[in-house]
Amino acid sequence: MTDFVREGRLFRVGGFHPSHRELFLVSEATLVDRTTTRVEVAFGHVELMFLRPLYRNGLHIRRATAAEFGVLSERHGIPAADAEYTWILDPEGESFVVSANPSWREAEYALMGGRESLYASPWPPEFPAESGSVN
């Protein structure tokens, strides 16, 4: 299993597109946390989400354990078939998203130019970027 971990960064809800059921969490480069990259996490086919507007200490996205899913399923009526699509966002397990596997991209903020998102258009191949998905 591949988790997504970015500790010590400020993340915010960057947007939700209901017509496409897409959620974006974003971390900008800031002097406060001494980062120079922008990080975006995308969730597609969102069925349910329980979010905070800000994650001040970063994200740790991972699949919910069986015990966590049992509690969430009972509390929120999540069907058993969605167990493998339930993603915990924080170490405390208080925020979660039921969606397809999240993906992420990270690149130097200086390379953004006029782009509003790392997902908005094809990223120029000559600009270094990292990407992956949570499995």
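Just a few scattered comments:
- Within region 53-70, residues that are on the phi < 0 side of the Ramachandran plot sit with their Cβ atoms under 6 Å from residues that are open to solvent by 40 Å² or more (accessible area, probe 1.4 Å), at 6+ positions apart or across chains, in these pairs: Pro53/Val13; Leu54/Arg12; Arg56/Leu10; Leu59/Arg6; His60/Val5; His60/Pro91; Arg62/Asp3.
- Pair list, Cβ < 7 Å and 6+ apart or interchain, from region 24-36 residues that are closer than 9 Å to Leu10 by Cβ to residues that are of a type in the set (D, E, K, R) and open to solvent by 40 Å² or more (accessible area, probe 1.4 Å): Ser27/Arg6
- Residue pairs whose Cβ atoms lie under 6 Å apart, sitting 6 or more positions apart in sequence or on different chains, and linking a residue in region 118-135 that is within 29 Å of Arg63 (Cβ to Cβ) to a partner that is polar (S, T, N, Q) and open to solvent by less than 60 Å² (accessible area, probe 1.4 Å), are Ser133/Ser103.
- Restricting Ser99, Ser19, Ser103 to residues that are open to solvent by 60 Å² or more (accessible area, probe 1.4 Å), among the hydroxyl-bearing types (Ser, Thr, Tyr) and either in contact with a helix residue (DSSP H, G or I) (Cβ under 8 Å, 6 or more places away or on another chain) or closer than 20 Å to Ala120 by Cα (or both) narrows the list to Ser19.
- Subset of region 106-135 that is surrounded by fewer than 13 Cβ atoms within 10 Å (Cβ to Cβ) and among the acidic types (Asp, Glu) - its residue that is nearest to Phe50 (Cα to Cα): Glu116
- Failed condition for Pro91, given (1) closer than 16 Å to Asp3 by Cβ; (2) within 13 Å of the chain's Cα centre (by Cα): (2)
- Whichever residue in region 37-52 is touching a residue at least 60 places away in the same chain (Cβ under 8 Å) and in contact with a helix residue (DSSP H, G or I) (Cβ under 7 Å, 6 or more places away or on another chain) and, among such residues, is farthest from Trp87 (Cα to Cα): Thr37
The values are calculated or read from the model by the stated rules, or taken from the named source; none is laboratory data. Keep in mind that what you see is a predicted model, and the values were worked out from it rather than measured. For neighbour counting, all protein chains shown are included, and Cβ atoms are generated from backbone atoms with ideal geometry for every residue, glycine included. Accessible surface areas use protein heavy atoms only, side chains included; no ligands, DNA or RNA. Shrake-Rupley method; radii C 1.70, N 1.55, O 1.52, S 1.80 Å.
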